Amino acid sequence: MELDLLAIIKAIILGFVEGMTEFAPVSSTGHMIIVDDMWLHSKEFLSKYEANTFKVVIQLGSILAVVIIFKDRFLEMLGLGSGKKKSDGQSRLKLSQVIVGLIPAGVLGILFEDYIDEYLFSTETVLIGLVIGALLMIFADIVGGKNPRTTAVDQITYKQAFSIGLIQCFSLWPGFSRSGSTISGGVLLGLSHRAAADFTFIMAVPIMAGASLLSLVKNLEYFSIDALPFFAAGFLSAFVFALLSIRFFLKMINKVKLIPFAIYRIVLAGLIYFVFL
């Protein structure tokens with residue numbers, strides 16, 4: 001690929017799309033369909049393999065943003081923090097609870113990875129995921145969002161963690177959205193929107209980081225020194241915008257809840273259907 005100012009601007013825009021959508025319950029996959037069609041797979045810009053490598057790089061930028069925001073919690077769970085109990089005597093969220101939440105989707109993801117890659121990554125299946133995921137979010141707000149029993153992530157039980165993990169399995173369907181499914185699941189299980197969002201973001205880091213690093217190793221041959229400024233611009237853009245969007249999302253989620261995001265998903269599905277199909 002030839003690097004020029006336009007290529008760097010494109011990398012920044014693509015990083016913006018990734019950073020703003022990866023952890024919001026709006027499906028980053030749905031948004032990447034649009035930018036794929038516009039830029040990533042155009043012959044004069046990136047090959048399919050270069051595009052896949054670039055997607056992994058900018059996803060790592062988004063993951064780094066979550067690590068920065070929740071760094072104190074991660075240090076505590078790894079035994080590197082203070083390890084003290086809260087003032088009310090309640091223990092902090094444990095690493096074992098996060099692992100319990102990761103097990104269901106992790107097992108199914110390994111078992112059905114090839115099937116998902118071959119049969120479910122199409123525009124049509126993503127549209128289905130966008131709409132059904134939106135309906136789940138609306139259902140969660142109506143049924144479970146009124147009087148949460150669990151108002152902080154530290155109050156999550158192992159049973160809730162595992163149950164949220166089961167509902168996260170829906171996100172293996174492209175377009176369903178990992179955060180959309182897990183936040184909805186948390187709300188249906190009695191968590192506040194903020195507690196569900198906190199647990200969702202914390203739980204996303206190990207599984208996304210592991211998958212992204214493995215994918216990066218597989219596609220490392222398509223990474224060239226000449227393209228380093230392009231990849232660096234996308235990575236930094238995704239990191240900065242994910243940092244901003246996650247902080248903003250966590251502040252507003254208890255107020256706006258999930259229905260506005262669900263409506264946006266349905267509108268996005270309509271846009272993709274009528275413009276890109």
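Taking residues in region 49-77 that are among the acidic types (Asp, Glu), and partners anywhere that are in a helix (DSSP H, G or I), the pairs with Cβ atoms closer than 6 Å and at least 6 places apart or on different chains are Glu50/Tyr222.
Just need a number here: residues in region 237-256 that are surrounded by fewer than 18 Cβ atoms within 10 Å (Cβ to Cβ) and within 17 Å of the chain's Cα centre (by Cα). Full working, then the answer.
In the first step, residues of region 237-256 are kept if they are surrounded by fewer than 18 Cβ atoms within 10 Å (Cβ to Cβ); the result is 240, 244, 247-248, 250-252, 254-256.
Filter once more, so that each one left must be within 17 Å of the chain's Cα centre (by Cα): 240, 244, 247-248, 250.
So the count comes out to 5.
Does Leu213 fit the bill of being within 17 Å of Ile63 (Cα to Cα) and surrounded by fewer than 20 Cβ atoms within 10 Å (Cβ to Cβ)? Taking the combined requirement at face value, the residue satisfies it. Of the residues making up region 140-162, those that are part of a helix (DSSP H, G or I) and more than 17 Å from Val256 (Cβ to Cβ) are Val143, Val153, Asp154, Gln155, Tyr158, Lys159, Gln160, Ala161, Phe162. The combined condition, being in a helix (DSSP H, G or I) and free of Cβ contacts under 8 Å to residues at least 40 places away in the same chain, is not fulfilled by Gly101. When Val143 is tested against (1) closer than 21 Å to Ile266 by Cβ; (2) surrounded by 24 or more Cβ atoms within 10 Å (Cβ to Cβ), just one condition goes unmet, and that condition is (2). Taking first residues from region 171-187 that are free of Cβ contacts under 8 Å to residues at least 12 places away in the same chain and surrounded by fewer than 24 Cβ atoms within 10 Å (Cβ to Cβ) and partners that are of a type in the set (Val, Ile, Thr) and in a helix (DSSP H, G or I), no Cβ contact under 7 Å between residues at least 6 apart in sequence or on separate chains turns up. For region 251-269, the tally of residues that are in contact (Cβ under 8 Å) with a residue 60 or more places away in the chain, over 18 Å from Ile132 (Cβ atoms) and either in contact with a Lys or Arg (Cβ under 7 Å, 6 or more places away or on another chain) or of a type in the set (A, V, I, L, M) (or both) stands at 2.
When Ala134 is tested against (1) closer than 26 Å to Ile13 by Cα; (2) buried (at least 23 other Cβ atoms within 10 Å of the Cβ); (3) over 16 Å from the mean Cα position of the chain (by Cα); (4) of a type in the set (Gly, Ala, Ser), exactly one condition is not met: (3). One residue alone among Ile13, Ile9 is assigned to a helix (DSSP H, G or I), surrounded by fewer than 20 Cβ atoms within 10 Å (Cβ to Cβ), at pLDDT 75 or above and out of contact with any helix residue (DSSP H, G or I) (no Cβ under 8 Å at 6 or more places or on another chain), and that residue is Ile9. Cβ-Cβ contacts under 7 Å between residues 6 or more apart (or on different chains), taken from a first residue in region 138-157 that is farther than 15 Å from Gly185 by Cβ to a second residue that is at pLDDT 95 or above and in a loop (DSSP other than H, G, I, E, B), are listed as Thr151/Ser192.
Regarding region 204-212, can at least one residue be identified that is among the hydrophobic types (A, V, I, L, M, F, W, C) and farther than 18 Å from Gly106 by Cα? No: zero hits.
The values are calculated or read from the model by the stated rules, or taken from the named source; none is laboratory data. These numbers were taken from a predicted model, which means no experiment stands behind them. When we count neighbours, we look across all protein chains shown, and the Cβ atoms used for this are built from the backbone with ideal geometry, even at glycine.
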